[in-house]
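Working notes, beginning with the structure itself.
The values are calculated or read from the model by the stated rules, or taken from the named source; none is laboratory data. Every value quoted in this text rests on a predicted model; they were computed, and no experiment measured them. Counting neighbours? That spans all protein chains shown, and the Cβs are built from the backbone with ideal geometry, glycine included.
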Amino acid sequence: MAFYRSHILVSVDPECVSKGAHDIIDQLNDELIHRGLIDEVQVLETSRIGDPTLYGPDMMVYPEGVHYARVKSKDIPFLVEEHFLKGRVVESLRAEIKAFSDEELGAPMPKEVRVVLRNCGKIDPTNIEDYLAEDGYMGLAKALSMTPDEVIDMVMKSGLRGRGGAGFPAAKKWQLARAAQGEPKYILCNADEGDPGAFMNRRVLESDPHSVIEGMIIGAYCIGAERGYVYCRAEYPIAVRTLNIAINQARELGLLGYNIMNSGFSFDLEVRQGAGAFVCGEETALIASVEGARGEPRNRPPFPAQKGLWGKPSNINNVETYANVPQIMLKGPEWFASMGTEKSKGTKTFALAGDLNHTGLIEVPFGITLREIVYDVGGGIKDGKGFKAIQTGGPMGGCIPESMLDLQVDYETLAAAGSIMGSGGMIVMDDETCMVDMARFFMDFTQDESCGKCIPCRVGTRRILEILNRISEGNGREGDLETLDQLCKEIQQDSLCGLGKGAPNPIVSMLKHFRDEFEIHIKEKRCPAKVCRSLIHYEISSEFCTGCTVCARNCPVNAITGERRQAHHIDPDICIRCGICAQVCNFNAVIVN
Amino acid sequence: MANATANDDEAIFKAVQDAVERHGNSREELIPILNDVNHEIGYIPAKAMHEINRLLKTPESHLYSVATFYRMLSTKPRGRHVIQFCESAPCHVVGGREVWETLQEHLELAENETSPDGKWTLITTSCLGVCGVGPVIVIDDDIFGNVTPDQVPDILSRYS
């Protein structure tokens, strides 16, 4: 192992990259060579350090622990000379940051417990030695000293449930694959995190890939698989890159490949990219995609544990499921089972999005209430507005209104409330959200992503979308809501896969909790939240208008007329309801009805 | 941004051959191969499909059925710069709608359209997983976060 006296960790977070982080790295290396320091100072890439919008491109220099921010190409020669030759910190580039200044993963909020996220932001994901220093691969060492059945038993005792959304006990899945007939067996990781608003898996893959790799090797040992694939969506190029680096480093150390840790067990891993299809998050569609076909789901049974990839027994789990395994091995199943509720053990990561003060990634034990998540961990609603609903579980989930905020978060409770856990996205909506608009929005997404194989989903979601479009445009009809109720039920019952079965869920829950809002749209042709474009009118109040002409000058379609110093008027036939006039008016004279 | 032009037959064949060499000429490697070709040329021209069919011995009907299924692959020419806008709920809820409308107005393009001068193609993408900085626009390989409508002209002007 080469010994360097100093390390420079440059953030290659996407935003820093867009500000030129890679050029900075190249220049640093060039300058270090030029100065004869290249064997003494090592430049490394790391994930996010400080808030990239404030500090990017930025870097940390060790062992001093100095943070340099907003570094430009022209600063590099001076920086190298001052800091590494003369040993002086460049104060003009230095920026203090709080210990954890990460826009999507801040310091733990109250009530958080970080297991899966424990290393994110703290270690260099492209340096396996960082992971090893945090007891990395010790879990694997322990597993390899036990029999596969003993390891499965441990995972069973922990109560770990699949974190992809379905919540099936992980150990049970492994048992089924282990017992199945057929060779060779495969293990897969579902890293096709397509739920809008969910980015937990992305962060873990980018910041702590080895936790997933280690979990997969342990799983492969249990089921007897020699090859594994991580199916990662193409929208996560940095995750793909980081994974590949991690896999190569693990191979170099003999943690992947032939005869791992002299145990006689051999296993290797490969990353496969998606190409942009949400449905490939469904396990059989994912398998089809790895096989090089359209990502269309298949009938189950047979389940992948019996007939999976290329017809062989395969085990698929979510990124987060695998990431929990090493810790369970190290700290024991009792530790894991001590967190959570009776049937939902351990912690879960969530991605909070929407109208909250504190959005981003959190990790909390099961059993926490939604109210605690929204107000204690999420910091409450932004701009002091009121809470309207929280959508859990992504586009196959349901929305939960204020009256149900004291529900505990676990698999059974959320399902009983008409929603699902899903992969962990939570979208909070304030009182200026229109539920008809949101329903239309979710259905638009699932309709677009429907693979087209089965009629209930392909045609049914389109019909639902048509009705919702009509309602939001003011053309709702008597009987529309009853038709929606029926359509939703049929699609839930008859669809081939989870996408179709789950697509109506948001609509069903919105019709249950906010039915009156839909009725107002249909009967009164009015949008109470003033969102649906066709149902709102912009007017100028003659009481407040001073005739300053600012609105008329800014209107993109010239819909406003009026003489200077006289009340102005908006022509409703030309107005496109873009809202620009309301934004530019200094006298609050533009009213929305 | 595409590295080769679609009119250059030699470049097309080379892109395909490189991709097949890199991944192997079996049907299982079809998606990685298509991804590489799409990335190199900007889309997958018919000539590329012929060549893949020849090298993989896989029917073109299968090739097209796969290429047209996935959102990030295109069998139609795209502009020099591809603008992807995230149209998912979390970005929508924090002001995504206004940014989307401004984009369309400014470019005079609707979704999936390419500008007559071949500069821009505007498409929507599903969630990119950077919801913490929504609304998000991606142009080629650059990601822009926390976008507001008045930033749109400035962002677009950075591309020639």
Quiz item: What helices (runs of 4 or more DSSP H) lie completely within the stretch A:1-82 and have 3 or more residues being within 14 Å of chain B (Cβ to nearest Cβ)?
Solution: A:14-18, A:21-34, A:52-55
Exercise. Taking the residues in the stretch B:55-105 that are within 10 Å of chain A (Cβ to nearest Cβ) and aromatic (Phe, Trp, Tyr) as candidates, determine which candidate is nearest to B:Val37 (Cα to Cα).
Key: B:Tyr70
Exercise. Only helices (runs of 4 or more DSSP H) wholly contained in the stretch A:207-325 count here; list those with 1 or more residues that are modelled with pLDDT of 95 or more, out of contact with any Gly (no Cβ under 8 Å at 6 or more places or on another chain) and among the aromatic types (Phe, Trp, Tyr).
Key: A:209-223
Self-check item: Count of residues meeting criterion [of a type in the set (Asp, Glu), in contact (Cβ under 8 Å) with a residue 40 or more places away in the chain and either under 20 Å from A:Ile362 (Cα atoms) or within 14 Å of chain B (Cβ to nearest Cβ) (or both)] in the stretch A:394-415
Solution: 1
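Inside the stretch B:13-54, can you point out the residues that are of a type in the set (Gly, Ala, Ser) and surrounded by 21 or more Cβ atoms within 10 Å (Cβ to Cβ)? Let's see the steps before the verdict.
Step one: of the stretch B:13-54, the residues of a type in the set (Gly, Ala, Ser) are B:15, B:19, B:24, B:26, B:42, B:46, B:48.
Residues satisfying the conditions are B:Ala15, B:Ala19, B:Gly42, B:Ala48.
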Exercise. Find all pairs meeting these conditions: Cβ atoms under 9 angstrom apart; at least six residues apart or on different chains; first residue within the stretch A:519-532 and farther than 25 Å from B:Gly96 by Cα; second residue part of a loop (DSSP other than H, G, I, E, B) and of a type in the set (A, V, I, L, M, F, W, C).
Key: A:Ile520/A:Cys527
Exercise. Tell me which of these A:Ala107 doesn't satisfy, since it passes every other one: (1) modelled with pLDDT of 90 or more; (2) of a type outside the set (Lys, Arg); (3) not in a helix (DSSP H, G or I).
Key: (1)
Quiz item: Hey, any hits in the stretch A:347-359 for a residue that's of a type in the set (A, V, I, L, M), more than 23 Å from A:Glu449 (Cα to Cα), away from chain B (no Cβ under 14 Å) and touching a residue at least 24 places away in the same chain (Cβ under 8 Å)?
Solution: no
Self-check item: Among residues of the stretch A:356-395, those that are within 27 Å of A:Lys501 (Cβ to Cβ), at pLDDT below 90 and surrounded by fewer than 23 Cβ atoms within 10 Å (Cβ to Cβ), counted
Solution: 0
Quiz item: Which of the residues that make up the stretch B:58-72 are assigned to a loop (DSSP other than H, G, I, E, B) and either touching a strand residue (DSSP E or B) at 6+ places or on another chain (Cβ under 6 Å) or farther than 19 Å from A:Arg233 by Cα (or both)?
Solution: B:Thr58, B:Pro59
Quiz item: So which residues in the stretch A:170-206 are within 24 Å of A:Gly121 (Cβ to Cβ) and assigned to a helix (DSSP H, G or I), if there are any at all?
Solution: A:Met200, A:Asn201, A:Arg202, A:Arg203, A:Val204, A:Leu205, A:Glu206
Quiz item: When the stretch A:264-293 is examined, which residues are found to be at the interface with chain B (Cβ under 9 Å from one of its Cβ atoms), under 25 Å from A:Ile238 (Cβ atoms) and not aliphatic (A, V, I, L, M)?
Solution: A:Arg272, A:Gln273, A:Gly274, A:Gly276, A:Phe278, A:Cys280, A:Ser289, A:Gly292
Quiz item: Do any strands (runs of 3 or more DSSP E) entirely within the stretch B:107-160 hold 3 or more residues that are touching a Lys or Arg at 6+ places or on another chain (Cβ under 9 Å), and if so, which?
Solution: B:120-125
Quiz item: Residue check, A:Thr433 against (1) assigned to a strand (DSSP E or B); (2) out of contact with any helix residue (DSSP H, G or I) (no Cβ under 6 Å at 6 or more places or on another chain); (3) not aromatic (Phe, Trp, Tyr), all met but one. Which one?
Solution: (1)
